[in-house]
1. Suppose the Debye formula is applied to equal point scatterers at every Cα of the stretch A:2-142; what is log10 I(q)/I(0) at q = 0.16 Å⁻¹?
2. Quick one: 3J(HN,Hα) in Hz for the stretch A:210-223, Karplus 6.51/-1.76/1.60 with θ = phi - 60°, rounded, Gly and Pro as x.
3. Amide H to amide H, which residues 5 or more places from B:L149 or on other chains are under 5 Å from it, using H placed in the peptide plane?
4. Do me a favour and compute the ellipsoid semi-axes for chain B from its Cα gyration tensor, root of five times each eigenvalue, largest one first, whole Å.
5. What does the net charge come to around B:V295 if you take all other residues with beta carbon closer than 12 Å to its beta carbon, with K and R at +1 and D and E at -1?
6. Consider all pairwise Cα distances in the stretch B:238-307 and report the whole-number % of them above 16 Å.
7. How high is the relative contact order of the stretch A:57-164, in percent, counting Cα pairs under 8 Å that sit 6 or more residues apart?
8. Using the basic label-point model (7 angstrom from Cα toward the beta carbon), what is the B:R301 to B:H3 distance in nanometres?
Number of protein chains: 2
Amino acid sequence: MEHSFIAWAKQRAARLPKVKLGIGDDCALIGFDSLDSAQADLAITTDSLCDGTHFILTECGAQAAGRKLMAVNLSDLASMAANPIAVFLSLCLPKENAGDLASGVFEGVYELAEKYRVAIAGGDTNVWNGPLVIHMTAIGKVALGGNWLRSGASPGDAIVVTGKLGGSILGKHLSFEPRLELAADLHRLGVVAAATDISDGLGVDLLNMTVASKCGAEVALDLVPISDDAILCAQKSGRSPLEHALGDGEDFELLLAVPKENLHKLPSEIGGIPLTRIGTFVSRTGLWSKDKTGVKQLAPRGYVHGQ
Amino acid sequence: MEHSFIAWAKQRAARLPKVKLGIGDDCALIGFDSLDSAQADLAITTDSLCDGTHFILTECGAQAAGRKLMAVNLSDLASMAANPIAVFLSLCLPKENAGDLASGVFEGVYELAEKYRVAIAGGDTNVWNGPLVIHMTAIGKVALGGNWLRSGASPGDAIVVTGKLGGSILGKHLSFEPRLELAADLHRLGVVAAATDISDGLGVDLLNMTVASKCGAEVALDLVPISDDAILCAQKSGRSPLEHALGDGEDFELLLAVPKENLHKLPSEIGGIPLTRIGTFVSRTGLWSKDKTGVKQLAPRGYVHGQ
């Protein structure tokens, strides 16, 4: 229901005062002097994680859940090339063990706050008769020279992904590193036209990007970088490693549009993270796969929690 | 556990980059040009509400829960004299009926967003195997002339409350009006030295204010404005109406410190909401009650969810 609700909410919210960029991208953008000024100043994102859905508390513990919450929010900021400045943490804690859970989650948040020098500026704690639910809102400053949007891709731009994809359920969904440093480096190079992070799966997130950019995308299947964990998952799932790389959620890698004329300036890796060209944005709308058998429609089988 | 956790988290967060005002007041304050510049620009607050704790979904419905979420956040902004500009909504929706619940909550948020001209700028939806949990972060601009803090009260200042207190469980905890307009009017008058909103109960919130302000407070019990609902509650609870007015949570009225020399400029009501002087901040720390029998220590029996 997420997409239909977001579309409805976006339309409904349009009658309210507007910000520079509202519902629909990885972050909202707020101009400071004037809320909707062309010059956006702040990027703001919010995410909730629920025990049993986004993490299994009894398996990973509260600290890993807190670290994931922080990493998910920072990944949204990275995908807009925004620099995180402050986060707000809100906890709904089960009655049993509320204090230990609160400090555990906080320590996980702290780990990345310390690493990326982000203020933990406020929050809210609640004790309730339910499982652990943790929320965060993260605020970043838009990098000099403007932020990245999902909607900036044009036909002809290369589709580029960071890292390797698929199988994050084996551990990376908890331990991944938000691509903040890589995004800052790429932003300085000025080579990226559009970006998002891969949270619902390469297929779904690429489709979202093409819809926002009013174009299509053609993926060269043999170029998609497949993680070792995607191969491990495939051994049990009966699906191919490629299907895992295309469909698994929570890779939290960046998906980028790089105009052809910038490709010569694109490094093949940054800080050990490979940057891989996997295809091209095209004018024909929709998702397309290209391999030796030809061009076919590609179904965006992503993973969306709770669906 | 909330207070001990907040104290611990505040100390732990102190090693991270700082904002102008971090953990501990109704909102955080962030300077825009420099995070911790003396000139704070943005007030930010975050709150979560859980089905079964802050609202009973089967009794009140999703729209009333959404309205309350918005009102609680706006109340925090009002207590800092900040003007709301944008809110972010994050939903954890039970699988059954997720779409209807999402739009119901949104409509409740929308009601106050429209009234107070606030942007609904973004959010997050999740479907899970648990009850409805709704979360909001609200962002406001600090009013010209500076915000109010909890820590600004001095001995000799009058203790002033808006509205009437107690018994909000009979309905006001859902239907209350955040005191934004009243706060803006008072702020223009320049008469307030410190403020907070009454969320945990007059006794607890007054004590928090005295601790933040490093002073004490003496309450004239016969001056505390008692709501009709506090009287109704007393008929069933075996406690007095005054005890309800002092101890019940979720009044979401404002609690203010007004310096003696400003009292002549303080209106007795604004927009039909009475402003009542109920005592005086004093140098002797602690909470004290004053009536015809003399001065006694006052136990801050507030209501804290889940305790």
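Each value in this text was obtained by applying a stated rule to the coordinates, not by laboratory testing. Every value quoted in this text rests on a predicted model; they were computed, and no experiment measured them. Please note: Cβ atoms are built from the backbone with ideal geometry, for glycine as well, and neighbour counts cover all protein chains shown.
1. Listed by q, the Debye log ratios stand at -0.87.
2. 3J(HN,Hα) across the stretch A:210-223, in whole Hz: 5, 5, 4, 8, 6, 8, x, 9, 10, 9, 7, 4, 6, 9.
3. B:A195
4. They are 30, 24, 18 Å, listed largest first.
5. +2
6. 64
7. 40
8. 1.6
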